[in-house]
Amino acid sequence: MTSSEELFQRARALMPGGVNSPVRAFGSVGGTPPFMVSGRGPYLTDADGREYVDLVCSWGPALLGHAHPEVLAAVHAAVDRGLSFGASTPAESDLAELVAGRVGAVERLRMVSTGTEATMTAVRLARGFTGRNLIIKFAGCYHGHLDGLLAAAGSGVATLALPGSAGVTAATAAETLVLPYNDLAAVEEAFAARGQDIAAVITEAAPANMGVVEPGEGFNAALSRITAEHGALLIFDEVLTGFRTGYAGYWGLTGGAPGASAPFVPDLLTFGKVIGGGMPVAALGGRADVMDYLAPVGPVYQAGTLSGNPIAMAAGVATLTHATPAVYEFIDARSAQLSAAVSEALSAAGVDHSIQRAGNLFSVAFGTSAHGVRNYADAQAQESFRYAPFFHAMLDAGVYLPPSVFEAWFLSAAHDDAAMEHILSALPAAAKAAAAA
Ligand code: PMP
């Protein structure tokens, strides 16, 4: 028995499914998940001493690669000053300034510890600000595990083929309207029918939890226009895309870019993942008049014992400081190189597929070359059975991919030529395994 097998057995007796977050259990790809003991640059090392090139990157946060020396130094320095004070610290404003300096739509920011908290607070704030109850979300978008947004959620909910979640009351579910992604007519219809009751539309800046799906040209801008026309808010979830798809996130690449064809300003934005560089940090931010509805200024309550934790802030500040425009150019180029190589290997093996892309995020969808994936129905209709053999061939060759076809592949600034060569050389055999499925 390998050490990972032993560790998984032990963990399964202690934790549901042996994990603290479902997709880690390899439910859809099968097999024993390797237990990781360290990471450096583009590599992870498991409990059996096997090394992998990592294409999960902690599901996004490891933008600079694992154990980046200057991020670690900042964390070490912060640790030496104490772990948590339950009082305000200068580093909270340091990180908030970095975020607001990069994302012009952020006039005020509140730090929380997980993406779920950020979206949960954004939804409560939108309801408190507008005095309305209904929220629109799109099928296949994942915004964390808050009750109201689990309906037709992507990520692990999609991987495990769950319709939503047990334990969510019918009353709560009824306050969420789920619409097909990329379907503006459905949004217009929902507002025509119930506009007076809709507090907000929440959307992933670019969906990456049903595999990657690119928002149609002008889709996000139209959401901004429609919500504004009806006195509702647009909550732009950049937990995954923020500071990963570009210096100012996906909004900076598209709606917030100077000269953008359809400029718009979301009312609220949520961040997570990269903003903490691997420590538990997330945030919501946006319009000052809306954000000032939060306690202690306004009537919408939200709090957190460890919010703005000084060690986590230090990791976030160091990560964003080193996430320069050059880092994004590098990751963009690596993403183009890798996605082209994956496509070439699959084509050579005769596997029908599309590369789904939004900025530097990409994923592979099998059997979808006819029109790609535009929404959750397309994502679910793909030949997802081809992913498990592909995934395991890559894992056997020492490449750690996301263990679900519904997740994006994550690169980092540390994915150097040697790491890329390693990945590329593993692709042909994995493509053949996918073809044989
Ligand atoms: N929103 C999006 C777009 C996400 O991708 C995620 C996590 N994958 C979340 C929210 C929830 O973040 P967390 O897991 O930190 O609660």
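Go through the range 117-134 residue by residue and tally those that are within 14 Å of the ligand (Cβ to nearest atom) and over 15 Å from the mean Cα position of the chain (by Cα).
Initial filter on the range 117-134 (within 14 Å of the ligand (Cβ to nearest atom)): 117-123.
Checking which are over 15 Å from the mean Cα position of the chain (by Cα) leaves us with 120-123.
Adding up the residues that qualify gives 4.
When the criteria are applied in full, residue 38 fails the requirement of being surrounded by fewer than 21 Cβ atoms within 10 Å (Cβ to Cβ) and within 16 Å of the ligand (Cβ to nearest atom).
Residue check: is residue 218 surrounded by 24 or more Cβ atoms within 10 Å (Cβ to Cβ) and among the small types (Gly, Ala, Ser)? Before the answer, list the steps.
Numbers: surrounded by 24 or more Cβ atoms within 10 Å (Cβ to Cβ): no; among the small types (Gly, Ala, Ser): yes.
Answer is no for this residue.
For every residue, the table says whether it meets (1) under 15 Å from residue 275 (Cβ atoms); (2) among the small types (Gly, Ala, Ser).
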{"residue": "67", "(1), (2)": "no, yes"}
{"residue": "73", "(1), (2)": "no, yes"}
{"residue": "83", "(1), (2)": "no, no"}
{"residue": "100", "(1), (2)": "yes, yes"}
{"residue": "104", "(1), (2)": "no, yes"}
{"residue": "107", "(1), (2)": "no, no"}
{"residue": "111", "(1), (2)": "yes, no"}
{"residue": "115", "(1), (2)": "yes, yes"}
{"residue": "127", "(1), (2)": "no, no"}
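Considering every residue within the range 188-195, establish whether at least one is out of contact with any His (no Cβ under 7 Å at 6 or more places or on another chain), touching a residue at least 60 places away in the same chain (Cβ under 8 Å) and open to solvent by 60 Å² or more (accessible area, probe 1.4 Å). Break it down stepwise before answering.
Taking the range 188-195 first, the residues out of contact with any His (no Cβ under 7 Å at 6 or more places or on another chain) are 188-190, 192-194.
Retained after the next criterion (residues that are touching a residue at least 60 places away in the same chain (Cβ under 8 Å)): 194.
With open to solvent by 60 Å² or more (accessible area, probe 1.4 Å) added as a condition, the list becomes 194.
Checked the range 188-195: at least one residue is out of contact with any His (no Cβ under 7 Å at 6 or more places or on another chain), touching a residue at least 60 places away in the same chain (Cβ under 8 Å) and open to solvent by 60 Å² or more (accessible area, probe 1.4 Å).
Filtering the range 257-279 to residues that are crowded, with 22+ Cβ neighbours inside 10 Å, under 24 Å from residue 200 (Cβ atoms) and of a type outside the set (A, V, I, L, M, F, W, C) leaves 266, 267, 270, 272, 273. Looking across the range 412-437, the residues that are open to solvent by less than 10 Å² (accessible area, probe 1.4 Å) and in a loop (DSSP other than H, G, I, E, B) come down to 412, 415. Scanning the range 215-252 for residues that are charged (D, E, K, R) and closer than 16 Å to residue 123 by Cα yields a count of 2. Would you confirm, using the coordinates I've provided, whether residue 114 is under 30 Å from residue 406 (Cα atoms), more than 10 Å from the ligand (Cβ to nearest atom) and among the hydroxyl-bearing types (Ser, Thr, Tyr)? No, not satisfied. Looking across the range 280-309, the residues that are among the polar types (S, T, N, Q), within 16 Å of the ligand (Cβ to nearest atom) and surrounded by fewer than 24 Cβ atoms within 10 Å (Cβ to Cβ) come down to 302, 307.
For (1) open to solvent by less than 20 Å² (accessible area, probe 1.4 Å); (2) touching a His at 6+ places or on another chain (Cβ under 6 Å); (3) among the hydroxyl-bearing types (Ser, Thr, Tyr), each residue gets a yes or a no:
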site	(1), (2), (3)
311	yes, no, no
318	yes, no, no
344	no, no, no
349	no, no, no
355	no, no, no
364	yes, yes, no
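The values are calculated or read from the model by the stated rules, or taken from the named source; none is laboratory data. Just so you know, these numbers come straight off a predicted model, no measurement behind them. No Cβ is skipped: glycine too gets one built from the backbone with ideal geometry, and neighbour counts run over all protein chains shown. To get the accessible areas, we keep the full protein, side chains included, count just its heavy atoms, and leave off ligands, DNA and RNA. Shrake-Rupley method; radii C 1.70, N 1.55, O 1.52, S 1.80 Å.
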